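Read through the structure below, which is laid out as structure tokens, and then see the notes.
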Amino acid sequence: MSAKRLTAKGEATRHRIVVAAAQLMYEQGISDTTMEDMRAATGASSSQIYHYFADKQALLLAVIDYQTGAVLDLQAPHLDHLDTISGLRAWRDLLVGNQKRLQCRGGCPIGTLGSQTAETNPEARLAVASGYLRWENAIRAGLTAMYSRGNLNGNPDDLALALLTALQGGLLMTKIHRDVRPLEVALDTVLDRISSLSRTLPAVTTNRGRGGRTDRRLSAASTLIEQTFTSG
């Protein structure tokens, strides 16, 4: 692709090619998607496609980045609220509902690309791994917030990895069985574990007595946390 900055029209053309390639690779696989398919799907000439992408590998990497963004964008309203059990379960409902809408077909676009490249295309495998890391980081951010507030008695890193791994396995099994139950069971099992490690801390109450004195009474849970940090 040209190193020069693209015009708005050029950006639009490049995006159109990537979106078409993503759809083709998702439906018929990477190896079975040819440049001829691309020309037919986009109406672009070979010279136009090669203007934006040096080869099929460059296009594949752009597709991986696009699919990662699309997957995260779909979940964006929920990813910012994974710092509560209710937020986590609402996110779970979104994922399950999406599979119902798709009739349990297709699985995860990122995972599909990963399964086709993991053993044969190291560069693409690393790109998929990077996409998964972005997803895992979004989950970890919510769990870390819970941990920092004292609402979670568990390792946020391990729990985020377990949750994403359960999600990926659940999506694969759901696609194979054409049934959302594997996804529901996988997610609910990890979320139940996270719930068992969580606790709600009552707010600190403030009572003002005579002479303007302030009597701050910490809850038992808050006191326990304070003692833990002091002893450490």
Study note, to complete from the structure: By residue number, the members of segment 177-194 that are in contact (Cβ under 8 Å) with a residue 24 or more places away in the chain and over 14 Å from T165 (Cβ atoms) are H177, R178, D179, V180, E184, D188
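For the condition over 15 Å from the mean Cα position of the chain (by Cα), hydroxyl-bearing (S, T, Y) and on the phi < 0 side of the Ramachandran plot, what is the one hit in T42, T68?
Matching residue, one of T42, T68: T42.
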Review point. Out of I49, I64, I17, which single residue is over 24 Å from S115 (Cα atoms) and β-branched (V, I, T)?
Key: I49
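For (1) open to solvent by less than 90 Å² (accessible area, probe 1.4 Å); (2) farther than 16 Å from I110 by Cα; (3) at pLDDT below 90, each residue gets a yes or a no:
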site: R16; (1), (2), (3): no, yes, no
site: G43; (1), (2), (3): yes, yes, yes
site: K56; (1), (2), (3): yes, yes, no
site: D65; (1), (2), (3): no, no, no
site: H78; (1), (2), (3): yes, yes, no
Exercise for review: Could you figure out which of (1) in contact with a helix residue (DSSP H, G or I) (Cβ under 8 Å, 6 or more places away or on another chain); (2) closer than 30 Å to G10 by Cβ; (3) outside any helix (DSSP H, G or I) isn't true of A54?
Suggested key: (1)
Review point. Pairs, please: C-beta under 8 Å, at least 6 apart or cross-chain, first residue farther than 17 Å from L59 by Cβ and in segment 100-128, second part of a loop (DSSP other than H, G, I, E, B)?
Key: K100/V180; Q103/R178; C104/R178; C104/D179; C104/V180; R105/R178
Point to revise | Which numbered condition D32 fails, given (1) among the acidic types (D, E); (2) in a helix (DSSP H, G or I); (3) not assigned by TED's automatic domain parsing to the domain that holds T117 | key: (2)
Exercise for review: Filter segment 82-96 down to residues that are in a helix (DSSP H, G or I) and touching a Gly at 6+ places or on another chain (Cβ under 8 Å) and give me whichever is surrounded by the most Cβ atoms within 10 Å (Cβ to Cβ).
Suggested key: L88
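The values are calculated or read from the model by the stated rules, or taken from the named source; none is laboratory data. All of these numbers come straight from a predicted model, not from anything done at the bench. Note that we place each Cβ from the backbone using ideal geometry, even for glycine, and neighbour counts take in every protein chain shown. What goes into the accessible areas is simple: the full protein's heavy atoms, side chains included, and nothing from ligands, DNA or RNA. Shrake-Rupley method; radii C 1.70, N 1.55, O 1.52, S 1.80 Å.
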